[in-house]
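Below is one structure, written out as structure tokens; comments come after it.
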Amino acid sequence: NVDVSAGHPQLPQILSLLGFKYYRCWRPQGAMDAKGIPRQFIWRSPDNSSILCSRGTYAGIWKTDYLNTDEFFEEDGKLEKFFSNELEEIISLNSTGVIWLPFGMDDTRPLRDVHDNPINMDGLMEYMSDSSDTDISYSISDAYFNQLSKYPLPEHVGSLDPCEVSY
């Protein structure tokens, strides 16, 4: 659920009745951040039904001309910029260490940023895997949520954000 408000408190009940196990939403990111709603949590409805949730950040690897490179080095500042631009916000309210980094969006070509700069995602992932204990890979939502389900997650009861339209 990318571009509409995610907040109604009965949404976990509705999604559960429809057979959904997981829910991923983005907006309104700033309002939910300000309320301290974690990036991953169990969302519980007034009827006590629940769904495993994940919150994203708006856009995905958006302005990343610094990733248009064949080589990565700790000293060149590219990784620091990547972490501060792309991961810092996600990590700040993360409760598991499992991160969904959105990559690509509806107004970019594959492996390009919003200014059409190439992004060497394969090179970045290889460098991070080789130089740290980071397990980074392309994934699908099912694999991500299966990993999340292994962690004790905080619960949220009630509305995520009480607005009808968030943009």
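Based on this model, can you work out whether LEU87 counts as in a helix (DSSP H, G or I) and among the aliphatic types (A, V, I, L, M)?
For LEU87, the condition - in a helix (DSSP H, G or I) and among the aliphatic types (A, V, I, L, M) - is met.
Consider only pairs whose beta carbons are under 8 Å apart and that are at least six residues apart or on different chains; among these, list those whose first residue lies in segment 17-41 and is touching a residue at least 24 places away in the same chain (Cβ under 8 Å) and whose second residue is assigned to a strand (DSSP E or B) and open to solvent by 40 Å² or more (accessible area, probe 1.4 Å).
PHE41/GLU155
Can you tell me how many residues within segment 140-159 are open to solvent by 80 Å² or more (accessible area, probe 1.4 Å) and out of contact with any strand residue (DSSP E or B) (no Cβ under 8 Å at 6 or more places or on another chain)? Reasoning before the result, please.
Narrowing segment 140-159 to residues open to solvent by 80 Å² or more (accessible area, probe 1.4 Å): 140, 150-152, 155, 157.
Those still in the list that are out of contact with any strand residue (DSSP E or B) (no Cβ under 8 Å at 6 or more places or on another chain) too: 140, 150, 152.
Count: 3.
Where the second residue is of a type in the set (D, E, K, R) and open to solvent by 50 Å² or more (accessible area, probe 1.4 Å) and the first is part of a loop (DSSP other than H, G, I, E, B) and lies in segment 97-110, which pairs have Cβ atoms under 9 Å and are six or more apart or on separate chains?
Close Cβ pairs (under 9 Å, with a partner that is of a type in the set (D, E, K, R) and open to solvent by 50 Å² or more (accessible area, probe 1.4 Å)) amount to VAL98/LYS150; GLY104/ARG112; THR108/ASP116; ARG109/ASP116.
Based on this model, can you work out whether ASP116 counts as in a helix (DSSP H, G or I) and either at pLDDT 85 or above or not aliphatic (A, V, I, L, M) (or both)?
Details: in a helix (DSSP H, G or I): no; either at pLDDT 85 or above or not aliphatic (A, V, I, L, M) (or both): yes.
Spelling it out, it is not the case that ASP116 is in a helix (DSSP H, G or I) and either at pLDDT 85 or above or not aliphatic (A, V, I, L, M) (or both).
I'd like to verify a number: residues in segment 93-129 that are open to solvent by 60 Å² or more (accessible area, probe 1.4 Å) and of a type outside the set (Val, Ile, Thr), how many? Let's see the steps before the verdict.
Residues of segment 93-129 open to solvent by 60 Å² or more (accessible area, probe 1.4 Å): 97, 99-100, 103, 106-107, 109-112, 115-116, 122, 126.
Now narrow it down to the ones that are of a type outside the set (Val, Ile, Thr): 97, 100, 103, 106-107, 109-112, 115-116, 122, 126.
Summing the residues that are open to solvent by 60 Å² or more (accessible area, probe 1.4 Å) and of a type outside the set (Val, Ile, Thr) in segment 93-129 gives 13.
The conditions are (1) in contact with a helix residue (DSSP H, G or I) (Cβ under 9 Å, 6 or more places away or on another chain); (2) open to solvent by less than 60 Å² (accessible area, probe 1.4 Å); (3) more than 28 Å from ILE42 (Cα to Cα), and SER132 fails exactly one of them. Which is it?
Only one criterion is unmet by SER132, namely (1).
Applying the selection to segment 45-56, what residues are buried (at least 18 other Cβ atoms within 10 Å of the Cβ) and either of a type outside the set (A, V, I, L, M, F, W, C) or touching a Leu at 6+ places or on another chain (Cβ under 7 Å) (or both)?
Matches in segment 45-56: SER45, SER50, ILE51, LEU52, SER54, ARG55, GLY56.
Restricting to segment 1-32, name every residue that is surrounded by fewer than 16 Cβ atoms within 10 Å (Cβ to Cβ) and within 21 Å of SER92 (Cβ to Cβ).
Result: VAL2, GLY30.
Pairs needed: first member in segment 52-79, in contact (Cβ under 8 Å) with a residue 24 or more places away in the chain and under 27 Å from SER141 (Cα atoms); second member anywhere, open to solvent by less than 30 Å² (accessible area, probe 1.4 Å) and in a loop (DSSP other than H, G, I, E, B); C-beta distance under 6 Å; at least 6 residues apart or different chains.
From residues that are in contact (Cβ under 8 Å) with a residue 24 or more places away in the chain and under 27 Å from SER141 (Cα atoms), the pairs are ARG55/ARG39; GLY56/PRO102; GLY60/PRO102; LYS63/ASP113; THR64/ASP113; THR64/ILE119; LEU67/ILE119.
The values are calculated or read from the model by the stated rules, or taken from the named source; none is laboratory data. Since the structure is predicted, the reported quantities are computational estimates derived from the model, not experimental observations. Backbone-built Cβ (ideal geometry, glycine too); neighbour counts: all protein chains shown. Surface accessibility is based on the protein's heavy atoms, side chains included, excluding ligands, DNA and RNA. Shrake-Rupley method; radii C 1.70, N 1.55, O 1.52, S 1.80 Å.
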